[in-house]
1. What's the exposure ranking of ARG108, ARG235, going from fewest to most Cβ atoms within 10 Å?
2. Separation between the THR55 and GLN2 pseudo-spin-labels, each 7 Å from Cα along Cα→Cβ, expressed in nm?
3. Would you calculate the separation in nanometres between label points at GLN113 and TYR44, each defined as 7 Å from the Cα along the Cα-to-beta-carbon direction?
4. At a threshold of 8 angstrom on Cα-Cα distance, excluding pairs fewer than six apart, so keeping six or more, what relative contact order does the stretch 1-152 reach in percent?
5. List the lysines whose alpha-carbon lies under 21 Å from that of LYS143, not counting same-chain residues fewer than 8 positions away?
6. Figure the gain on full extension for SER17 and ALA34 (residue separation times 0.36 nm, minus the Cα-Cα span) and round it to one decimal in nm.
7. Can you give the angle from 0 to 90° between the axis of helix 139-155 and the longest principal axis of the chain, with both taken from C-alpha atoms, to the nearest 10?
8. So if I average 1/r over every pair of distinct C-alpha atoms in the stretch 182-241 and take the inverse, what Kirkwood radius in Å does that give?
Amino acid sequence: MQVNELPNYGIDILTISEQSRVPLKKRLQLILPALEMIGKIFQYLGIKGTIHFLTDIKSTIKFAETLDWSNLKARGISEKNLKTIIRKIVVAKVMADTLGMEKAAELRRNLSQRISIPVFSEMFATPETFLEIGKGDFLPPFKKYYIAMAEAMKDKGLEESLVVTNTPDEFQLNVVYCAWAEVARLLGNPAYCYYSTCYGDEVFFPYLSEKCGFDFSRSGTLALGKPYCDMKFCRKQVVSK
């Protein structure tokens, strides 16, 4: 099999999510942690508080959809994808407004720690598949796969990325524009994006890299004020005895 024959090759993540047919067992892996998070929100807020919380989400989504999103639309984002992102970021915003940023981030990070690997595993080939295609070397097929995904993201107006390092042992891609971070910024705080979205990268990619003999690192994100989100993959150095 070639890299370009893999499922989801050259497809953006929102289209993958929409088209995904997640098996029941894996679906439960995603639903149960989400229900537990909702249960904790209910414990904190009570019945009236939870109703108010849900009402706030609905009204904030309605308000957000009236804002000027022309800068995002100029990059090619569809109305459907924009609304999907708005809904996600609004939930993060209302959680932060209601519970405080620290508690909201803690709850959402706990959820990401449990669901990011199964979610991203539906988008990317398995570690074993990358290694098989690369004849034992993860990096060449992964780079091709990831760059194709990044190009699809740009075509859909979701992200723009630059490859800044591309060697046999190291690959770094910097995301210089992100629709999720931009929506969060326009809704008042880019950090809404970090704790609800970016953090998932920091759960999944170390897992994938470790399975394939690589280290993943990141020095910052657009959502936390850096000019880019860096995605760096370095081959582990073999220490000779």
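1. Numbers: ARG108 22, ARG235 18.
Least crowded to most crowded, the residues run ARG235, ARG108.
2. In this crude spin-label approximation the distance works out to 5.9 nm.
3. Reported label-point gap for GLN113 and TYR44 is 1.5 nm.
4. This gives 47 percent for the stretch 1-152.
5. LYS135, LYS154, LYS156, LYS211, LYS232, LYS236
6. Values: separation 17, 0.36 × 17 = 6.12 nm, distance 1.67 nm.
Stretched out fully, the SER17 to ALA34 stretch lengthens by 4.4 nm.
7. The two axes meet at around 40 degrees.
8. On the way: mean 1/r = 0.0780 Å⁻¹.
The Cα-based Kirkwood calculation yields 12.8 Å.
Read-outs: derived from the displayed coordinates by stated rules, not from any lab. None of these values were measured; they are calculated from a predicted model. Positions of Cβ are backbone-derived with ideal geometry, glycine not excepted, and every protein chain shown enters the neighbour counts.
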